[in-house]
Amino acid sequence: MSTVINLRITKWLKEKLEKYGIDIPNFIRRKLVEKVEKIEQEEIEKLLNELKEAFKGIDPYELSKLVDEERKER
């Protein structure tokens with residue numbers, strides 16, 4: 001499903017975009033997708049840093065031992 005977004009630009013800008021052969025709708029779609037992907041990537045990096053900080057003091061060997069014990073109980 002899609003939705004319509006109207007964008008008002010100056011006549012000068014529209015003429016320049018057409019002069020250089022820029023497909024305006026596809027260009028805008030691509031830039032919007034790139035922006036959303038960038039924001040999502042930043043959110044993921046922030047969450048990973050928070051997890052890294054939360055698990056900072058945990059010994060990996062001890063953690064793997066706990067996971068193994070939990071699996072054996074199932």
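The values are calculated or read from the model by the stated rules, or taken from the named source; none is laboratory data. This structure is a prediction, so every number in the text was calculated from the model and none was measured. Cβ placement follows ideal geometry from the backbone for every residue including glycine, while neighbour counts extend to all protein chains displayed.
Quick notes
- Residue count for the stretch 52-66, restricted to those that are surrounded by 10 or more Cβ atoms within 10 Å (Cβ to Cβ) and in a helix (DSSP H, G or I): 4
- Odd one out for Asn6, checked against (1) exposed (fewer than 10 other Cβ atoms within 10 Å of the Cβ); (2) assigned to a helix (DSSP H, G or I): (2)
- One residue alone among Asn26, Asn49 is surrounded by fewer than 10 Cβ atoms within 10 Å (Cβ to Cβ), among the polar types (S, T, N, Q), in a helix (DSSP H, G or I) and at pLDDT 95 or above, and that residue is Asn26.
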